[in-house]
1. Quick check on residue B:228: is it more than 14 Å from chain C (Cβ to nearest Cβ) and over 22 Å from residue B:22 (Cα atoms)?
2. Looking at region C:174-189, I want the residues that are within 11 Å of chain B (Cβ to nearest Cβ) and have a partner that is exposed (fewer than 14 other Cβ atoms within 10 Å of the Cβ) with Cβ atoms under 6 Å, at least 6 apart or on another chain. Which pairs are those?
3. For region B:149-186: of the residues being without any contact (Cβ under 8 Å) to a residue 40 or more places away in the chain and within 13 Å of chain C (Cβ to nearest Cβ), which is surrounded by the fewest Cβ atoms within 10 Å (Cβ to Cβ)?
4. Take the residues in region B:170-179 that are under 22 Å from residue B:104 (Cβ atoms) and assigned to a helix (DSSP H, G or I); name whichever of them is nearest to the chain's Cα centre (by Cα).
5. Kindly evaluate residue B:246 against the criterion of being in a helix (DSSP H, G or I) and within 13 Å of chain C (Cβ to nearest Cβ).
6. Are any residues in region C:214-233 assigned to a helix (DSSP H, G or I), in contact (Cβ under 8 Å) with a residue 24 or more places away in the chain and over 19 Å from residue C:268 (Cβ atoms), and if so, which ones?
7. Conditions: (1) surrounded by 18 or more Cβ atoms within 10 Å (Cβ to Cβ); (2) closer than 21 Å to residue C:196 by Cα. Residue C:285 meets all but one. Number of the miss?
8. Test of understanding: among C:307, C:237, C:290, C:312, which residue is exposed (fewer than 15 other Cβ atoms within 10 Å of the Cβ) and within 26 Å of residue C:38 (Cβ to Cβ)?
């Protein structure tokens, strides 16, 4: 670890009523405890009941944009997966 | 009633003075994330003090027909009327000194509020319960920093030893009860501070061990000087001169 | 895929308001411009903490004390979001800070003015944050994903800053004569520097066209400045105070306020380092950073030790 800078961490937060952890941003911290505490201070404004995940940025593996086409296209021809495929009456609300 | 008011003011002053000191770091912290962290802690502490001051103001107004506010109490009392412990008013020094001061104080507040939430006085109990959540975090945060600095580099170790040397002498006062604290404990709305000393020492000893710091520090018995009774160090005068300036220079004004 | 295709895909995305993300191909100049702009914005937040932090220990009531600390703390957080966004472009926070301290990176010149009275807290909130908000809201739709997302987060938190400032001025304006005078004096000192925050006139702004084509910038300097003046000219009436510009007047034909000429000599002087507080601001940042080094090193050393111990225990 560089002595003059702490490693970068990516922060994921799941809100109290939330279903998934969402990427909130990044910050610098020396160790996991500090990363979680900093995330609490910076990204949750000290809200209670939230779940925080911290991962050192170097450990994140991401798909590359060129792969995007092959990774995602197959679903496009399965039209029944999209809500617009279904013709429903106008009076139906909340759906 | 007077003793309840004094007790409440003591609790308020402790939190305000320590909060004020910590807020001096805002904008000047060693690292951005830590600047945010210590500002949060300052906000918690000042928030606690407001709860106590507002309660004290109500009590004063009820019993004396005045109409004082939290600001009257914070901004218009002179140093000899402040009842905070000497530890809280010590200067920030470097990060090590600030961390150590916070660690010593948070550990005390943790054990204090843990008992105070059972106070026979509902308001004090409620404030203590809310404050306990905050100081639990302050204690954890500052403990981790004591360990990082104690077991970090040679320089950080040296600096925290210097901090211990500067601050240890002020920790005795915390556990020596002032008159109003004795009255409070007797009547059940307050805590017998001397009963907290054991737990506090165990906590400090535990963290110091993990931090490779010697415990107990060499204690030079000093002359008894009691901030809780309004006998302060020279620092409080300057803190108040700065803090209270506008209210004193422009009396009877709304801000 | 050759670079012509990549260039086309990049420009198509910009056209269709699809965000550019960190691993996407982008022109080198786009990357460089973004780093410069985001870093400048981040530095501004951090240096911007200083004129307000100046009054924390003197805030005249407990409520003002906590709201001021919270505001300054928010600015630290905003700086952090922005440094993080810039770091996705292959530059580290340390490198950006080194540029700032070496005088190689800029920050908003407004913060080179001193905060002399409590009323300055009001004027800064109303005018400086007001101007910043005008710049920031359009950036929420900027083409670069991480920057846009940071700006959305910032704008959400910004709302209380300006209101807080205005409320401080309103309280003073409704107070004693001394307080009214204090408020008017603060407005007199912060008005023109705030107007200058929108930068040079459009015809003197070389970067603007490219930035607008790439949707890094969404409105021109003069457009935003005019909007700011129009809004403030109305808001000041609620305070019962005045804006220090004799030429400020509603123009019925243009449907905008006419206003006086900016003192461009002062503008460039401050931008180039000769403002009242330039040296002081930078010195404060350099000092804080230098004095923080041993703390950073200590935490790193401890983390290493712990890792080594854990590995040893496992082995």
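The values are calculated or read from the model by the stated rules, or taken from the named source; none is laboratory data. Everything numeric in this text was worked out from a predicted model, so none of it was measured. Glycine also receives a Cβ, built like all others from the backbone with ideal geometry; neighbour counts cover every protein chain displayed.
1. On the way: more than 14 Å from chain C (Cβ to nearest Cβ): yes; over 22 Å from residue B:22 (Cα atoms): no.
Considered against the rule, which asks whether it is more than 14 Å from chain C (Cβ to nearest Cβ) and over 22 Å from residue B:22 (Cα atoms), residue B:228 comes out as no.
2. Hits for this filter: C:175/B:254.
3. By that ranking, first place goes to B:154.
4. Initial filter on region B:170-179 (under 22 Å from residue B:104 (Cβ atoms)): B:170-178.
Imposing the further condition that a residue be assigned to a helix (DSSP H, G or I) reduces the set to B:170-174.
Details: B:170: 12, B:171: 11, B:172: 14, B:173: 12, B:174: 9 Å.
Only one residue tops the list, namely B:174.
5. Numbers: in a helix (DSSP H, G or I): yes; within 13 Å of chain C (Cβ to nearest Cβ): yes.
Here the answer is yes, as residue B:246 does meet what is asked.
6. So the first thing to find is which residues in region C:214-233 are assigned to a helix (DSSP H, G or I), and the list is C:221-233.
After this cut, where a residue has to be in contact (Cβ under 8 Å) with a residue 24 or more places away in the chain as well, the list is C:222, C:224-233.
Residues satisfying the conditions are C:224, C:226, C:227, C:228, C:229, C:230, C:231, C:232, C:233.
7. Unmet condition: (2).
8. Values: C:307 fails: within 26 Å of residue C:38 (Cβ to Cβ); C:237 fails: within 26 Å of residue C:38 (Cβ to Cβ); C:312 fails: within 26 Å of residue C:38 (Cβ to Cβ).
It is C:290.
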